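Peer 1: Got a structure for you, written out below as structure tokens; questions coming shortly.
The values are calculated or read from the model by the stated rules, or taken from the named source; none is laboratory data. Values in this document were obtained by computation on a predicted structure and should not be read as measured data. Cβ atoms come from the backbone with ideal geometry, glycine included; neighbour counts cover every protein chain shown.
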Amino acid sequence: MGCYLNQIMGCQVSVYPVVWFAGSIFVYNLDRWIPDPSDQINHPNRANHQRWRRWLILLSVPTLALATFWHQQWRLAAFLVPALAISVFYSVRPPGMRTRIKDFIFLKWLVPPAVILAALTGPAWIPAGNSLVTARHWPVLGCIFAGLLINILLFDQRDRSGDRAAGVATMATALAKGWFRGLLGFLAALQILFLRLDFRPELALFVGYIVLLLPVSQMTKNPNFYHWLVDGMLLIPLLGLWVLPK
């Protein structure tokens, strides 16, 4: 997704894929390293992987630092620090506080997509003090942001029964099933609106993929469906950019 966004914005710097990869490894594994009350119900085998998650976290931090400073991307370093801080306090309680960001239902839903989108587009905002992001990119960013929100909601939907049993508040536990499906439909319709404002074949593929995915997600909790097809939606725009005719 990051490679796609920066291609269409004309920002080509080789270090960014390394930074995105190391950053996603850090955030993903930190969130799963810190246990949640519902993990024993939703993901009983997660505790078996804690040792290698710790090593991945420890290795990702120097990788981020080395890649950033080796290529002298000082603006990116200044941008990454707050993004990583928000990611840490999403999963870990800040000193002197009893709650994490993810303990607030709306922040749990909105913060990860916002941080992800900011991290993915950061290089285009700060190439050399002159932003490459223009008004024509906003429909693209809106479409991607709505897709990231759908991604979060689908995983909340998968974990609904376990979260409810453990008393964990998510959008899926807070809303009735009908309202929750309506929210998914609204976000998909919002994607279509953004697509009409700036039609791009690869984004049409992305939106079409999600529209087809939503009804299937109502019928299965298969882990492979979520690991490969739901998370795989984030690769669709770049694949479309490569495969579809210009």
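Peer 1: Give the residues of the stretch 2-46 that are of a type in the set (A, V, I, L, M), over 30 Å from Ala166 (Cα atoms) and modelled with pLDDT of 75 or more, sorted by residue number.
Peer 2: Start the filter on the stretch 2-46 by keeping residues that are of a type in the set (A, V, I, L, M), which leaves 5, 8-9, 13, 15, 18-19, 22, 25, 27, 30, 34, 41.
Checking the rest, the ones that are also over 30 Å from Ala166 (Cα atoms) come to 5, 8-9, 13, 15, 18-19, 22.
Listed by number, the residues that qualify are Leu5, Val18, Val19, Ala22.
Peer 1: Which of (1) under 24 Å from Gly2 (Cβ atoms); (2) part of a helix (DSSP H, G or I); (3) out of contact with any helix residue (DSSP H, G or I) (no Cβ under 7 Å at 6 or more places or on another chain) does Pro245 not meet, given it meets every other one?
Peer 2: Single failed check for Pro245: (2).
Peer 1: OK, next. Counting just the residues of the stretch 175-212 that are not in a helix (DSSP H, G or I) and not aromatic (Phe, Trp, Tyr), which one comes out surrounded by the fewest Cβ atoms within 10 Å (Cβ to Cβ)? Walk me through it before giving the result.
Peer 2: Our first condition is that a residue be not in a helix (DSSP H, G or I); within the stretch 175-212, this holds for 175-176, 198-200.
Restricting the remaining residues to those that are not aromatic (Phe, Trp, Tyr) gives 175-176, 198, 200.
Numbers: Leu175: 17, Ala176: 8, Asp198: 15, Arg200: 18.
Ranking the qualifying residues of the stretch 175-212, first place goes to Ala176.
Peer 1: Can you tell which of Leu175, Leu205 is without any contact (Cβ under 8 Å) to a residue 60 or more places away in the chain, over 13 Å from Ile144 (Cα atoms) and not charged (D, E, K, R)?
Peer 2: Working: Leu205 fails: over 13 Å from Ile144 (Cα atoms).
Every option except Leu175 fails the conditions.
Peer 1: Could you check the stretch 196-219 and list, in sequence order, the residues that are touching a helix residue (DSSP H, G or I) at 6+ places or on another chain (Cβ under 9 Å) and either closer than 29 Å to Arg46 by Cβ or of a type in the set (D, E, K, R) (or both)?
Peer 2: Residues satisfying the conditions are Arg196, Asp198, Arg200, Glu202, Tyr209, Ile210, Leu213, Leu214, Val216, Ser217, Gln218.
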